[in-house]
Amino acid sequence: MALTALDTVAVTAFLAVSLSIFGRKMYLRLRYLFTGQRKEPRWDHLPTRLKNFVVYGIFQRKVAREWYAGVLHSFIFWAFVILGASVVEITAQAYAPGWRVPTPTVAGFSLTGPLYLAEEVIAVLAAIGVGMALYRRYVIRPKKLMHEGMRDATIVLCFILGIVISFLLFNAADAAAGTVALPEWKPISSAIASTSIFRFDAALWWRTLWWTHVVLLFSFLAYVPHSKHIHIIFAIVNTFFMDLTPKGALKTVDLETSETFGVNRVEQLSWRQLLDGYACTECGRCTAACPANATGKPLNPMRIITNIRDTLNDQGGAIMRDQVDGLPDMFQTVHTDEGIWACTTCYACVYECPVMNEHMPKIIDMRRNLVLTQGKIPPESMDMLRNIETNYNPWGIGWDQRGRWAEGLGVRTLAEAIAANEPVDVLYWVGCAASFDDRNRKVAQAFARILKKAGVRFAILGAEEKCTGDPARRIGNEYLAQTMIRANVATLNGYGVKRIVASCPHCFNAIKNEYPDFGGTYEVVHHSQFLQELIRGGRLNPTRDVLEFLTYHDPCYLGRYNDIYNEPRDVLYRIPGVRVVEMRECRDRGFCCGAGGARMWMDERTGERVNHRRLSHIEETRANAVATACPYCLIMLDDAAKTKDREDIRRFDIAELLERSLS
Ligand code: SF4
Ligand code: SF4
């Protein structure tokens, strides 16, 4: 079969138009991406980047966290990859009739046949994948997909369905016309060819289906850069350029040289941050995982990302011409201040995103702008910041009272130990909550008694310890945070501290992941890890029954940020009598307690309280107690149990339960 000269002229004109539409739009998108003012080199650690590209880009490991979406996406994605050869081969028929894509030969066996078979099979699977996607969108209708991107997604799915069906039908017409190569490797189209419809005028079928397939293919190509399906190209690129710094480390602002603080305009973002917008698949997983969104706050992490893309598309031309005066900023086009303050920095959005988008750092950048450039802060949080400034702790209790919790326990400060020439193996970083909050002081006391029982040579900083800077940093006050960090690093380095155990995951995360930027590099362990180590080493021997039927709440800064899920559970499993039941929302799908991101010191006026929602997850397990490994979580769970009249659900830190089991 061959096309006419007129066909060749017509298809050449059509290809020229669609390719130029595609090329022009892609060129503009790339130009817009590089309007980002912030420098962000991401060419380091090339082997790791390549590995991530393969694992998350090619094999889409994160997409598969939801099996249904994983299956349908893999069908469609692999269809794009495998059918690439057929696109070239079929299009080439306009210029070189009968031309075939050259394929290698292995041990004398040509791979052309297997390629044809793979194309047919993946085309059928892609059609099934599209059917599954449409069923999900129009029958199952999960809330996370019910957004304004629905129409665009449907158009794209219809394009894909049309392309794979027209591919199979064209192959069938080719077989019916007797011009197909290796028909034995094209069983599906050969079967279709044997049906009665292809018996009449095979040449007309061939020509009509060739045109149908080519028009669908190149119309789709022209459409893609205008739609959210530009992610087909950028999502895979995004996985290569994903952030490789520790998950728990916010980027340090250079306060000496920075001219602006934080971000309120899209062009103030880096190219990598802007790339997130084009990589977004609008799958809604980030929003579905967001505790603020789930409890009715005006925060939608997906819209943080997609609005950056939309704003960039709207303003990209003006930004390139340097005509940005009067254009709406991100607080007008992206989110209200209330939405930005609603984030608990739980990291669920970033963790769930299949294309490695980074929502939370953008929210922190917007907070930095609110606090440092616009001078805005939730009024109820002012006291917290003032307290850190004056007494180095958010509670505002005198800084000299920090070590009071340890009175009568025989706990030494590092200064005392050094003065007495006593060896210290590990510094216990107590943290503000365990130093000043009555409930958490009991946890610190239990932990200190355990350490003594295990014969650990430890000390505390006492009044020399200061807030790690975590709440100030996460609310956006980088100045105050850095003041605290630098003071603590000076103290720790002054004493030559090597190993630190912290019972607060926020302190643990800050010292472990953020302090190295400021010259503070130590071996930092969380108390759950330390306790596990002591039990495994035989220095603690839990023998007494602790008859509790409990569930474990994963603190975000321990779990999602630092991958510590097993250690606290292991401590619980070692306690005789303790029975542990898991919540549905556990481990890396754990739901925030509502305190992170300095939310502990902000009012929660809109929607359901996050800690109340978390309590409802605990209630579902019918456990009579909940254990955690974070002072902030303990406070929030305590508060929820009291305000929801469920004090019968008892709240513990794992150290308290372990201490009860030690004879
Ligand atoms: S970090 Fe947590 S609270 Fe903040 S936007 Fe992401 S999911 Fe929502
Ligand atoms: S940001 Fe990521 S998780 Fe959220 S909708 Fe886009 S692709 Fe999905």
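Quick note: the coordinates plus some simple rules give every number you see, no bench work behind them. Predicted model, so just to flag it, every value in this text is computed and none were measured. Methodologically, a virtual Cβ is constructed for each residue, glycine included, from the backbone with ideal geometry; neighbour enumeration extends over all protein chains shown.
Unpaired Cys in the chain, meaning no second Cys C-beta under 4.7 Å: Cys158, Cys280, Cys283, Cys290, Cys343, Cys353, Cys432, Cys467, Cys586. Placing R0 at 22 angstrom, the Cβ-Cβ distance between Arg24 and Leu327 gives a FRET efficiency of 0.45 after rounding to 0.05. Distance between the 7 Å Cα→Cβ label points at Leu662 and Val581: 3.0 nm. On full extension, the segment bounded by Leu50 and Ile140 gains 28.8 nm, given 0.36 nm per residue less the C-alpha separation. Working note: Karplus 6.51/-1.76/1.60 with θ = phi - 60° gives the stretch 606-613 the couplings 9, x, 6, 6, 4, 5, 5, 4 Hz, where Gly and Pro are set to x. Modelled this way, with points 7 Å down the Cα-to-C-beta line, the labels at His226 and Ala203 are 3.6 nm from one another. Given the DSSP H assignment, sum -39500 (n - 2.57) over each helix run of at least 4 residues in the chain and divide by its residue total; what's the result at 222 nm in deg cm²/dmol, nearest 500? My calculation for the chain gives -15500 deg cm²/dmol from helical runs alone. A Förster radius of 25 Å, combined with the Cβ-Cβ distance separating Asp517 from Arg31, puts the computed FRET efficiency at roughly 0.15.
Here's how it looks for Arg651: its modeled amide H is under 5 Å from those of Val626, which are all 5 or more places away or on a different chain. With bins 10 Å wide beginning at 0, the percent of Cα pairs of the stretch 182-285 falling in each bin runs 11, 23, 21, 17, 12, 9, 6, 2. The 3J(HN,Hα) values that the Karplus relation (6.51, -1.76, 1.60; θ = phi - 60°) gives for the stretch 80-91 are, in residue order, 4, 5, 6, 7, x, 5, 5, 4, 5, 5, 5, 4 Hz. Gly and Pro appear as x. From least to most packed, judged by other beta carbons within 10 angstrom and beginning with the fewest, Trp206, Trp601, Trp341 follow the order Trp601, Trp206, Trp341. Charged neighbours of Lys376, selected by a Cβ distance under 10 Å, balance to 0 (K, R count +1; D, E count -1). Remark: the stretch 580-641 is approximated by an ellipsoid whose semi-axes, taken from the C-alpha gyration tensor as √(5λ), come to 20, 12, 11 Å, largest first.
Backbone N atoms of the stretch 117-141 closer than 19 Å to the 7 Å Cα→Cβ label point of Val71 belong to residues 121-141. The Rg/Rh ratio for the stretch 411-546 is 0.98, where Rg is the radius of gyration of the alpha carbons and Rh is the Kirkwood radius. Cβ crowding within 10 Å, taken as a proxy for footprinting-reagent exposure, orders Val443, Val63 from fewest neighbours to most as Val63, Val443.
In whole Å, what is the distance between the alpha-carbon centres of the stretch 270-317 and the stretch 81-126? Using only Cα atoms, the two centres lie 38 Å from each other.
Between the stretch 237-255 and the stretch 407-429, the alpha-carbon centres lie 37 Å apart. Each residue of the stretch 400-407 was assigned a 3J(HN,Hα) from its phi angle through the Karplus curve 6.51 cos²θ - 1.76 cosθ + 1.60 (θ = phi - 60°); the sequence is 6, 8, 4, x, 4, 4, 8, 4 Hz, with glycine and proline shown as x. By the beta-carbon count within 10 Å of each Cβ, the least crowded to most crowded order of Val139, Val266, fewest first, is Val139, Val266. Each DSSP beta bridge with both residues in the chain is either parallel or antiparallel, and the antiparallel ones are about 10%. FRET efficiency for the pair Thr373 and Ser196, taken as 1/(1 + (r/R0)^6) with r the Cβ-Cβ distance and R0 = 56 Å, rounds to 0.20. Over 27 Å between Cα atoms, which of Lys144/Lys376; Lys51/Lys498; Lys362/Lys512 qualify? Beyond 27 Å between Cα atoms: Lys144/Lys376; Lys51/Lys498. Just so you know, the Rg over Rh for the chain is 1.07, from Cα atoms, with Rh as the Kirkwood radius. Under the criterion of Cα pairs below 8 Å and six or more residues apart, the relative contact order for the stretch 408-482 equals 36 percent. The alpha carbon centroids of the stretch 521-555 and the stretch 576-633 are separated by 19 Å. Extension gain for the segment Glu40 to Thr103, taken as residue separation times 0.36 nm less the Cα-Cα distance, is 18.6 nm to one decimal.
Remark: the Asp570-Asp400 segment gains 57.6 nm on full extension, using 0.36 nm per residue and subtracting the alpha carbon distance.
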